[in-house]
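Read through the structure below, which is laid out as C-alpha cells, and then see the notes.
Nothing in this text is a laboratory measurement; each read-out follows from the coordinates by a stated rule. Nothing here was measured: the structure is a model prediction, and the numbers come from that model. So basically every Cβ, Gly included, is an ideal-geometry build from the backbone, and we count neighbours across all protein chains shown.
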Amino acid sequence: MKTAIIIDSSCGVKDLSKYKDTFLVPLVILKEDGTSIKDDQNFTKKEYDELNAKQVLRTSQTITGDMLTKWDELLKEYDEIICLLISKGLSGQYNTFKMFSNDSEGGYAGRVHVIDNNGVSILIKRQLEEVHHLLDRGVKPNDICKKIEEKYKKIKGYIIPKTLDQLVRGGRITKAAAGLAKILKITPILSYKGVIDKEDKTRTFKKAVSKVIEKIINETSGEYVVDIAYSDCSKELLQSVKDMVVEKGLKLGLVESLPYVIVCHTGAETFAFFANKIDK
C-alpha cells in the first residue's frame, strides 16, 4: 500500500527532499489591495519581508481547487492520503477539507484522511516525522490518524510575543493597550491548545521565558525535549532563550523559524515553546 502525505504551509517545511511521498499545498497570503500570493516553495523570505514592511498582511485557506486537484493527482498513484493541516482552532482549513474527504462520490471517502491534529508550525513537523515513522512500521493510515489525534488532543504550548507591534497592526489589540503594556514593561504569555488564549503576564520578556519554562517543568512528566519556534530576532536573543532552557536542565529539540502565515499575525521576536514527549 502506498500512502501520500500532504502538509500546508503552516508547517513551515518547504524543502520536501528529506520527506518521501510528502507534498505541500500552500495557504494564501492576502495583500491590502486584495491580491494574493501562494505561500509555496517559490515565496521567499526576502519577498515576505518586503511586503510585510509596507502593509498589513492577512492569510486565507488553501484554494479549494488546488487541494482537490492535488488529491485527484495523488490518488492515481497512491492508495491513500494523510493530510496534516493547520489546527481547526486557527483556521477553517480543517473543517473545509474534512468535509470534502467524506465525499464518497468524489472518491475521497476512506482514502483521504484529514487529521484533527491541533497542529501548527513545529507541531506539524513533529507529526510529519511521526507519520513517516508509523508508515515505515507498516501501521495503516486510519490507525495513524487515531494515534496522532490521541497524542495531540491535549497538547499545550506557550507563546511569547516580545513586541506587540504586529498585533496592533492586525487590529488584535489597541494602540493604547500596547502603549500601556510598553510603558509598564508588561510581556503577555499566551497558551496554545489548538487555539490561542491568554495565559499570564510578566514585567519583562526574560521573566516571561523563565515562567514558561517553569510551567513546562511543572506540567510535563516523563522524558521530553523542548521545541522552540521563533520569528525574526537577533542571534543574541535566540541564543539567550535557548540558554535559559538548557540552564534549567532541559533538553532542546527542534529550533525552527515560524512560518510566514503565522508571522503575519504574531510579528517579529515571537517565541513558541512546546514540550515534545519522546516515544519509546
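Before moving on, here are some points about what is shown:
- Out-of-range pairs (alpha-carbon distance over 19 Å; input LYS45/LYS162; LYS162/LYS185; LYS125/LYS154; LYS156/LYS277; LYS154/LYS198; LYS14/LYS235): LYS45/LYS162; LYS14/LYS235
- Our coupling estimate for segment 121-136, obtained by passing each phi through the Karplus curve with A = 6.51, B = -1.76, C = 1.60 and θ = phi - 60°, is 6, 5, 5, 5, 4, 4, 5, 4, 5, 5, 4, 4, 4, 5, 4, 5 Hz, Gly and Pro reported as x.
- Residue among VAL139, ASN42, THR59 farthest towards the positive dipole end of the chain, charges placed on Cβ: THR59
- Exposure proxy for ILE189, ILE124: other Cβ atoms within 10 Å of each Cβ, ordered fewest to most, give ILE189, ILE124.
- Extension reserve of the LYS207-ILE63 stretch, reckoned as 0.36 nm per residue once the Cα distance is removed: 47.7 nm
- The chain shape via C-alpha gyration tensor axes, a/c threshold 1.5: oblate
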